[in-house]
Amino acid sequence: MARIEGWHRAFCLSMTAGRGTTEQPGLALGLNRGGECLGVAYRIDEDQLHCELPLLWCREMLFGGYVPRWVETRDLEGHILGPAITFTIDPHHRHYAGGLPRRAMVQRLTNAAGSWGSAANYLFRTISALRHNGIHDADLENMGARVAAATLSA
């Protein structure tokens with residue numbers, strides 16, 4: 001488990017492919033400025049870096065909406081774990097969606113889908129994975145409840 005300060009998990013990248021379309025864009029998570037983020041940090045064995053880092057890079061930099069950045073990580077007690085590479089949102093990217101009202105976010109997450117599946121499923125799987133790791137993200141939990149309610153009423 002690791003915590004980073006100065007960044008928080010947010011649906012702030014508009015997706016017109018993958019989990020959305022041009023007509024019905026979805027949203028993807030990114031690390032946006034401010035707050036803190038609790039998550040899982042993975043250590044890649046040095047002998048695996050040459051094959052794992054290119055895979056990670058291709059997955060995260062596919063649409064160019066992120067800025068790779070080294071951040072300081074801390075454990076749950078606040079002790080420094082060391083630097084980790086993460087992919088923060090680029091607020092200048094044309095698909096940056098950090099200022100969307102909650103209602104618009106719920107609408108996109110409820111209705112958007114693409115070749116990678118639905119935006120709602122992405123949200124629900126993310127919440128499930130966080131819970132599995134003992135992480136409670138109140139903002140995502142709230143968003144999940146709103147999207148689930150909107151899905152049931154549709």
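Coordinate-derived values only; no laboratory data. Please read all numbers here as calculations on a predicted model, not as lab measurements. Cβ atoms come from the backbone with ideal geometry, glycine included; neighbour counts cover every protein chain shown.
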Check your understanding: Any idea which of 117, 129, 54 is furthest toward the positive side of the dipole for the chain, if Lys and Arg beta-carbons carry +1 and Asp and Glu beta-carbons -1?
Key -> 117
**Study point:** ³J(HN,Hα), Karplus 6.51/-1.76/1.60, whole Hz, each residue of segment 66-73, x for Gly, Pro
**Key:** 10, 10, x, 8, 7, 10, 7, 10
Exercise for review: Order the peptides 7-13, 46-52 from the highest to the lowest mean number of other Cβ atoms within 10 Å of their residues.
Suggested key: 7-13, 46-52
**Study point:** Under Karplus coefficients 6.51, -1.76 and 1.60, residue-wise ³J(HN,Hα) of segment 124-135 in Hz, glycine/proline x
**Key:** 5, 5, 5, 4, 4, 5, 4, 4, 4, 9, x, 9
Exercise for review: Per DSSP H run of n ≥ 4, the term is -39500 (n - 2.57); total these for the chain, divide by its residue number, and report the mean residue ellipticity at 222 nm rounded to 500 deg cm²/dmol.
Suggested key: -10500 deg cm²/dmol
Check your understanding: Put +1 on the Cβ of every Lys and Arg and -1 on every Asp and Glu Cβ in the chain; which of 24, 145, 37 then has its Cα farthest towards the positive end of the dipole?
Key -> 24
Exercise for review: Can you tell me the dipole magnitude for the chain around its Cα centre, using point charges on the Cβ only (Lys, Arg +1; Asp, Glu -1), in Debye to the nearest 20?
Suggested key: 720 debye
Check your understanding: What's the extension gain from residue 52 to residue 84 if we count 0.36 nm per residue and subtract their Cα-Cα distance?
Key -> 10.1 nm
**Study point:** Extent along principal axes [Cα atoms of segment 2-153; Å; largest to smallest]
**Key:** 47, 31, 27
Study note, to complete from the structure: Cβ density ranking, 10 Å radius, fewest first, applied to 4, 80 yields 80, 4
Exercise for review: Return the long-range amide H neighbours of residue 18 (sequence gap of 5 or more, or a different chain), with a cut-off of under 5 Å between placed amide H atoms.
Suggested key: 115, 116
